[in-house]
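Step one of this worksheet: look at the structure below.
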């Protein structure tokens, strides 16, 4: 008796689990939130006794004759004050290395060097994946990233810490861009949206927050995260094959058949060979597409430009919302868990809805999510002007704005795969990720506006969101259930439906007929 009956969904489940664990390593992108954490108050023993003080805006914890917030207290009241003011939710690298007290280093933080590594990885690994293969490049990325993650927490040198966080960033870039191209080409086409909703960033954020909560300090968190990330590397190396779509596109038909045979074996179904395409005489061979020739084709040029805009807007607004939302709740952990859990629930609901609602395409999700985010950002601004920050309804609308802004990432990633040809898919996704990375850097700079004029932060998000809605309404092409094998190859013809292509070629006709009857 099989635990999971034979069928392609058996492979789909394995891929969904693998991609979720891939996200767990990618979520190191947000680990600087924990690396940079400092408490709002702290206590220190001085010759005059224990002094508790409010940490200044510079976040330097070194005592400098700050007022004692526990002064004039005695007995149990003094003891309780010391306990409360010395509490720290997490022991971070910023606290251990006193990064915020070091001239030069305080402006050269772990997030910066990590994002530089991600940027370098985006530039290099997308091209490598299109040339060398998805699986090999993904494994290479993990072999760089996982040891670097652990080594970053091994040495007591701040320079070594920064160096290995930069190398970790290169590995993160591989899992973010190459990982998506790889897993999206292996999963069944009708499950591709679920690959972005069931296996999602929010789940990984919850997992990382749990690791940080139970370990309590950044070094152990890094080692545990590296060990957990080995699960993905093992599955890809020992179980999953190379992308058969990429292999066929490169003309390596025998290897593509071996890949399809491996998938059929994992699924427990009969392997049905797919012959190579017949050579037609007097027909010009299909030209290989690269990132430069994309701009020579009007449709592909329009596709890549709208993708860049989508990624820039989402990278800017999502990161701005995340950076400025730390004080939406008083407890640090509550804010992190609420953000992850709510976003995960919404994505899972959307994953189920995608299978039952044929009209819920990529354009619909983007337009609705971005529009709702704009509405909730407007509510946040209204509550700020009314002086209602800190109330439960302020937290509710802020979380709603965060969730719907984050949902826009789904059509960004899906369209990056479904609008571009296989030859250039990883490279184009890398270019989109580079645009998003610059948007992240811009968001980190604009987030300082919060201390000057907080509503202005959300006004920027509204302006960018409106731009995204208008551009998507007029220029974004619907790609739901398109064939990745044929994506971007014909601008004039409708997208070829995936039920005649890709993974479903593994199913024999009788199984296809049974599925159609059930539908």
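Rounded, prolate or oblate, given the Cα gyration tensor of region 51-206, with a/c below 1.5 counting as rounded? Note, shape of region 51-206 comes out prolate. Take the alpha-carbon centre of region 131-171, take the same for region 177-244, and report the distance between them in whole Å. What the calculation gives is 16 Å, centre to centre.
With each label modelled as a point 7 angstrom along the Cα→C-beta vector, the residue 40-residue 72 pair spans 2.1 nm. For residue 156 and residue 270, the difference between the fully extended length at 0.36 nm per residue and the C-alpha to C-alpha distance is 35.5 nm. As a proxy for reagent exposure, ranking 138, 295 by other Cβ atoms within 10 Å from fewest up yields 295, 138. The calculated 222 nm mean residue ellipticity attributable to helices in the chain amounts to -20500 deg cm²/dmol, summing -39500 (n - 2.57) over DSSP H runs of n ≥ 4 and dividing by all residues. The length gained on full extension between residue 62 and residue 239, counted as 0.36 nm times the residue separation minus their Cα-Cα distance, comes to 58.6 nm. Considering only C-alpha atoms, what is the centroid distance from region 297-376 to region 11-85, in Å? Result: 29 Å between the Cα centres.
Arranged from fewest to most other beta-carbon atoms within 10 Å of their beta carbon, 394, 115, 453 become 453, 394, 115. Relative contact order of the chain, taken over Cα pairs closer than 8 Å and 6 or more residues apart, is 19 percent.
So what is the relative contact order of region 41-88, in percent, for Cα pairs below 8 Å that sit 6 or more residues apart? Value for region 41-88: 42 percent. Ranked by how many other Cβ atoms sit within 10 Å of their own Cβ, fewest first, the residues 410, 255 fall in the order 255, 410. For region 41-88, dividing the convex hull volume of the Cα atoms by the residue count gives 72 Å³ per residue. State whether region 186-238 is rounded, prolate or oblate according to the following rule on the C-alpha gyration tensor (a ≥ b ≥ c being the square roots of its eigenvalues): a/c under 1.5 gives rounded; otherwise a/b larger than b/c gives prolate, and the remaining case gives oblate. Taking the square roots of the gyration eigenvalues as a ≥ b ≥ c, region 186-238 is oblate. Return the percentage of antiparallel bridges among DSSP beta bridges fully within the chain, rounded to the nearest 5 %. Close to 90 percent.
As a length-normalised measure over Cα pairs under 8 Å and 6 or more apart, the relative contact order of region 112-249 settles at 34 percent.
Since every read-out is calculated from the coordinates, none of them should be taken as a lab result. For clarity, every value in this text was computed on a predicted model and none was experimentally measured. Here Cβ is always computed from backbone atoms with ideal geometry, including for glycine, and neighbour counts include all displayed protein chains.
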